[in-house]
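The values are calculated or read from the model by the stated rules, or taken from the named source; none is laboratory data. Keep in mind that this is a model prediction, so the values were computed, not measured. No Cβ is skipped: glycine too gets one built from the backbone with ideal geometry, and neighbour counts run over all protein chains shown.
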Amino acid sequence: MPEPKKVPEDKLKEAPQEQPQESLPEGAKVDLNAAEPVPLPVSRIPAPTVETIRAAYEHPWAVRFSHWLNAISLFVLSTSGLQIFRAFPSFGPRLPEKVLVHVPPTVTLGGWLGGALQWHLTFMWIFMGTGALYLGDQFLSGHYRTVLFTPRDIPGVWPMVRHYFLFGPKPPVTGQYNPLQKLAYTATVLLGVASVLTGIVLYKPVQFSGLAWLMGGFHRARLWHFVALCGFLAFIPGHLLMVILHGWNNFSSMGTGWKKNPEYLAGPSE
Amino acid sequence: MDTPQDERQLKRVTRRQLLTLTPLVVLGAFAVPKLRRPLLMGGQKFSDWASAQLFRTRHPATTFPDSDLTPLGRFPYNSYDVDDPEIDLESWTLTVSGLVKKPGAYTLAQIQALPKVAQNTRHVCVEGWDVIGNFAGARLVDFLALVGADPHARFLTFACADDYYESLDMPSAVHPQSLLCYEMYGRPLLPGHGAPLRLSLPTKLGYKSAKYLTQLTVTNELGDRRGYWVDQGYSWFAGL
């Protein structure tokens, strides 16, 4: 973002000579903080009175970019994953051959096992790359401190649950994320890491035999991979509901980064 | 970044920020039918390349005690055409050609004269199921030495009596657990399991372990026919 152009005082005085057909009305103020080059002199049409607003840059680019990449990747990975699962809907060895979880074809992607594998193994790279971008940015920039759930957040979880689900009183807003949000977002990052690690074992059980052993073996890794999917499937509806309830200003901040008048900035207006 | 003070400034700032997300539009290419196939094939090719990088010829697949074996009677087999291509075992030979010093027809006795290796390894199907089986035979690397195969050749291709076909990268072929398998569970291969000779590749998905072998070619070129299932859209490398 370019620095707003600051117009030196002496330039202002010279301005009317550069464009003699217009003149600065007496007492007109030039906005020194305007982000674009100051058009000199100001137009004769009186500027609309603007209300001062407060805004916060909540989501840096890496967060927004990886959020939407993840939204797309998770859609592709979960639907193609369910298609792969349909080829052998079980978690054990071949026997007993039982359909443990029935997956309707309508929620799948790829059409057949080979097609679903192509989707899954293409988007796994996008998902892993996104995860590396997000985690790298969070730790290098220090942003993780605003969202990482820590033991200090534990006492704040229950009041938020009571507020959201039991119509309890609203706890005071102290930061960008409340303790329940921190818990949910930290959990999704862990789900992502778990999905990748279990996926690696399913994809390369021989090359990563040590990791497979840590997970309790090849069959267990398949189960944990599925459990991670269930975690995402539990998070997403609640996440979407909250986004809808909090409205456009909140939603658009995941596109633009900026949120107007966030609650934690509330206070006497300047 | 300066904090915008009014609506106008905020609009300007947010528009600019939104534009920085435009690279995401590239993913829309996956929704275009004409582009989807090449993109997914590119993803598969990249995955195969990465798999080849990850492959370690010296890293063994886990072996299991006899108590973990799936009983032979419950060892499933997927056949693409027929369960028994009715091979005449008396006259069967493996025809070897390509970049080898001693091409020709090799009998089962010649293969069985090589050191015999028996191992309990996991056979993983691309569908997701797996079984632990007992496989015995000659190391593929020993047979390649017998026929004088060019060790710098890149690929092996296999043709089968049931018209199945497969191909293999050389590093996987010379893995010490890659077998030209003629026995399972201490008995000559059953017709359903690929008698008289099949591949047993514990470092590959099951469909790479071709059955009813009749031809082996050492080559540097794969051509269009890379493998029966591979040509349907499954991964060629298929490494575990």
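For the reader, a short list of remarks on this structure follows.
- Restricting segment B:37-62 to residues that are closer than 29 Å to A:Ile126 by Cβ and among the hydroxyl-bearing types (Ser, Thr, Tyr) leaves a set whose member that is nearest to the other protein chains (Cβ to nearest Cβ) is B:Ser47.
- Remark: pairs (first residue in segment A:130-156, under 15 Å from A:Gly175 (Cα atoms); second residue basic (Lys, Arg) and assigned to a helix (DSSP H, G or I); Cβ separation under 7 Å; 6+ apart in sequence or on different chains) = A:Val147/A:Lys182; A:Leu148/A:Lys182; A:Phe149/A:Lys182; A:Asp153/A:Lys182.
- Set B:Gly223, B:Gly227: member being under 23 Å from B:Ser97 (Cα atoms) and within 14 Å of another protein chain (Cβ to nearest Cβ): B:Gly227
- Candidates A:Val193, A:Val161, A:Val173 - the one that is over 24 Å from A:Tyr134 (Cβ atoms) and touching a residue at least 60 places away in the same chain (Cβ under 8 Å): A:Val173
- Scanning segment B:11-36 for residues that are under 29 Å from A:Lys204 (Cα atoms) and at the interface with chain A (Cβ under 9 Å from one of its Cβ atoms) yields B:Leu27, B:Phe30.
- So B:Pro65, is it more than 8 Å from chain A (Cβ to nearest Cβ) and touching a residue at least 12 places away in the same chain (Cβ under 8 Å): yes
- Total residues in segment A:157-178 satisfying the condition of being modelled with pLDDT under 85, assigned to a helix (DSSP H, G or I) and of a type outside the set (A, V, I, L, M): the figure is 2.
- Residue in segment B:39-54 that is in contact with a strand residue (DSSP E or B) (Cβ under 6 Å, 6 or more places away or on another chain) and touching a residue at least 24 places away in the same chain (Cβ under 8 Å) present: yes
- Pick from segment B:128-144, criterion small (Gly, Ala, Ser) and either in a strand (DSSP E or B) or in contact with a Cys (Cβ under 6 Å, 6 or more places away or on another chain) (or both), ranking: farthest from B:Leu72 (Cα to Cα): B:Ala138
- Counting only residues that are away from chain B (no Cβ under 14 Å) and surrounded by fewer than 17 Cβ atoms within 10 Å (Cβ to Cβ), segment A:197-230 holds 2 of them.
- Residue that is farthest from B:Val218 (Cα to Cα), among those in segment B:88-112 that are under 24 Å from the mean Cα position of the chain (by Cα) and of a type in the set (A, V, I, L, M): B:Leu108
- Yes/no for A:Phe127 being away from chain B (no Cβ under 11 Å), closer than 30 Å to B:Trp229 by Cα and either out of contact with any Asp or Glu (no Cβ under 6 Å at 6 or more places or on another chain) or surrounded by fewer than 21 Cβ atoms within 10 Å (Cβ to Cβ) (or both): yes
Residues checked against (1) of a type outside the set (Lys, Arg); (2) surrounded by fewer than 14 Cβ atoms within 10 Å (Cβ to Cβ); (3) farther than 23 Å from B:Tyr165 by Cα:
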position	(1), (2), (3)
B:Pro23	yes, yes, yes
B:Phe30	yes, no, yes
B:Gln44	yes, no, no
B:Ala50	yes, no, yes
B:Arg56	no, yes, yes
B:Leu72	yes, no, yes
B:Ile87	yes, no, no
B:Thr95	yes, no, no
B:Leu99	yes, no, no
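- Here is the figure for segment B:199-210: residues that are of a type outside the set (Ser, Thr, Tyr) and farther than 20 Å from B:Gln232 by Cβ total 1.
- Unmet requirement for B:Pro76, which otherwise passes all of (1) surrounded by fewer than 16 Cβ atoms within 10 Å (Cβ to Cβ); (2) touching a residue at least 12 places away in the same chain (Cβ under 8 Å); (3) in contact with a helix residue (DSSP H, G or I) (Cβ under 6 Å, 6 or more places away or on another chain): (3)
- Residues that are surrounded by 11 or more Cβ atoms within 10 Å (Cβ to Cβ) and at positive phi within segment A:231-252 are absent altogether.
- So A:Lys170, is it of a type outside the set (Phe, Trp, Tyr) and within 11 Å of chain B (Cβ to nearest Cβ): no
- The condition (being more than 21 Å from the chain's Cα centre (by Cα) and either of a type in the set (S, T, N, Q) or at pLDDT 90 or above (or both)) is satisfied by just one residue among A:Leu133, A:Leu109, A:Leu82: A:Leu82.
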